[in-house]
Each structure stands twice: as C-alpha cells, then as structure tokens.
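Read the structure below first, then the notes.
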Amino acid sequence: MINLHVHTWRCRHAIGTAMEMAEEAARARLRVLGFAEHAPLPEEIDGWHLPLIEFPAYVAEVEEARSRHPELEILLGLEMDFIPEYEEFITEFASQTSLDYVIGSVHYIDGWNFDYEGALAEWEKRDRAEVYHRYFHLIREMVERIPFEIVGHLDLPKKFGHRLPPELWDEVEATLEAIRNKGLVLELNTAGLRREIAEAYPEGRILRRAAELRIPVTLGTDAHEPEHVAAGLDQALAYLGTLGYEEIIYFRRRRQLALPLAELRKSP
Ligand SMILES: [Zn+2]
Ligand SMILES: [Zn+2]
C-alpha cells in the first residue's frame, strides 16, 4: 500500500509525530509513506500551517522516522497552498531539491478558507457555481505557474455537501487538460470517504475522465491522526482497478516512479 498524504502535529491541527504516523504505517503494512505537511507561508494567515521556522525540525522528524523504519519507504513532501499573492514565496519554497515531491492544493478562494468548518456560514452567502468557477481557475493558475508534482483533492469544495454543479463540467475538462499538458499527477484522496459526503476526492465522474485522458494517479489518505494512515486505501485501489489504472505514482527526489496496482493488491 501507498499513501503520499500524511500530516503531523506540526501543522497545529493534526495529532501524531512523524514517528507515530510511521509506526501506524508499519502496522498497516504500507510500502510507501509520504509526509505532506501543510507548507509554511510567508506570513501565518490562519495558524494551521507548518511554521516557517520549524521547517528544518519537520525535515529532521521525518528523517528520524525514516531511519527507524527501514521497512517503509518514507518520503519527504509538502502540501503547498496556492495563494496568488504569495506566488513568489510559494514558487521558491516548492522548488527545494531536498523534497521528494510537492502536492499543490487550493483551500482558499480570495482569502476565504472554504473547507474550514468555522467558515462554513460563508457558503450561504456565495453562489455555488461561482465558487467552483473561481476554484478551478485557481487550480489552473497553480498548474501553470508553480513547480510541483501532484494536484491534491481536486474537488475539495464538495467537502460539506456542496457538490459540483453539472453546468461547470467545462471547467473540469479545462482543468484536467491543463493537468495532463503539464504532465502532473492527480491525487485520489480518501479523506472524503470519512466525511458526510462519503466519497473520495475527486468524484467518480472526474476520475473516470482523468483515466480516459491517461492522467496518472497517486494515493493519499490526508491523515491528520495515526488512525487514518491507511484509511480507505483498499477501497481506493479497487476503484482505480475498475477504471483501468495499472499503477500508482510516487516520487523520490522529484523523480517519478510507479508501483504496479497488481503488486499492491497482493501485498498483505
Ligand atoms: Zn490539514
Ligand atoms: Zn489539503
């Protein structure tokens, strides 16, 4: 099994050290465990990113987990927020060669943290189609401008049940094309399975289209606690198989590697 999207206590809204996450991954018999902590921003906007000053400590923590768990392939990544005002900082931070990979994600639309429970009321004031429209534009801007490998949880705005309006399908198409043209990898993120929508990100229709376009995929559980280190991976893998996917992508020092699906399925 493989999971490229795990957080630690250092983002201040997850629990568990890198070591505790790795212990759980070893118990669940994962082969590849990738840490993708919320990357620092030039100024702290909501208090839920890795503080810039702690970046070296995060790296050291992941390295310590790696040295204690040789049975796992442990990777050092980041989940980078795309916020246009910080483009210069984000570009520089995402370019670091010491990282194995970067997941690019959009959690903010013009300063609104739309996937945060505390900002849920804002949804009432917004037009859903406009939210998705703006969201996909930001994703495409990120895809065009930031050096990263993986697009995280592509339809995140549905988190609290605000599903993609069907008339926005053109935006999905344009976004998938941009992802394909840039040679990026799409993340199948199982966190949605643990939410009330009970569905992974992205939804089946988007993933089916991605498969048709031959966009490669990777897997992540978006674990914010040890208990979720392997959550939903079996289900996700089985689903990818039905779509015709034959491998799961991961990255070592920004170099793309693949694990055959058949091999992952037969591992215990
Ligand atoms: Zn988080
Ligand atoms: Zn995220």
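Structure notes:
- Normalised per residue, the accessible area of the chain is 42 Å², obtained with a 1.4 Å probe and no contribution from ligands, DNA or RNA.
- Among beta bridges identified by DSSP and lying wholly in the chain, the antiparallel ones come to about 25 percent.
- Positive-end residue, the range 2-266 charge dipole about Cα centroid, Cβ charges, pick of 55, 101, 26: 26
- Loop-located trypsin sites (Lys or Arg not before Pro) in the range 46-134 whose Cβ has at most 16 other Cβ within 10 Å (DSSP): 126
- Structure-based [θ]222 nm, the chain - -39500 (n - 2.57) summed over DSSP H runs of at least 4, per residue, nearest 500: -10000 deg cm²/dmol
- Loop-located GluC sites (Glu not before Pro) in the range 202-256 (DSSP state other than H, G, I, E, B) with a sparse environment of at most 13 neighbouring Cβ atoms within 10 Å: 246.
- Using Cβ point charges alone (K and R +1, D and E -1), the dipole size of the chain about the Cα centre works out to roughly 1000 debye.
The values are calculated or read from the model by the stated rules, or taken from the named source; none is laboratory data. Worth saying up front: this structure is predicted, and the values here are computed from it rather than measured. Here the Cβ is made from the backbone with ideal geometry for all residues, glycine too, and neighbour counts use every protein chain on show. Only protein heavy atoms, including side chains, enter the accessible area calculation; ligands, DNA and RNA are left aside. Shrake-Rupley method; radii C 1.70, N 1.55, O 1.52, S 1.80 Å.
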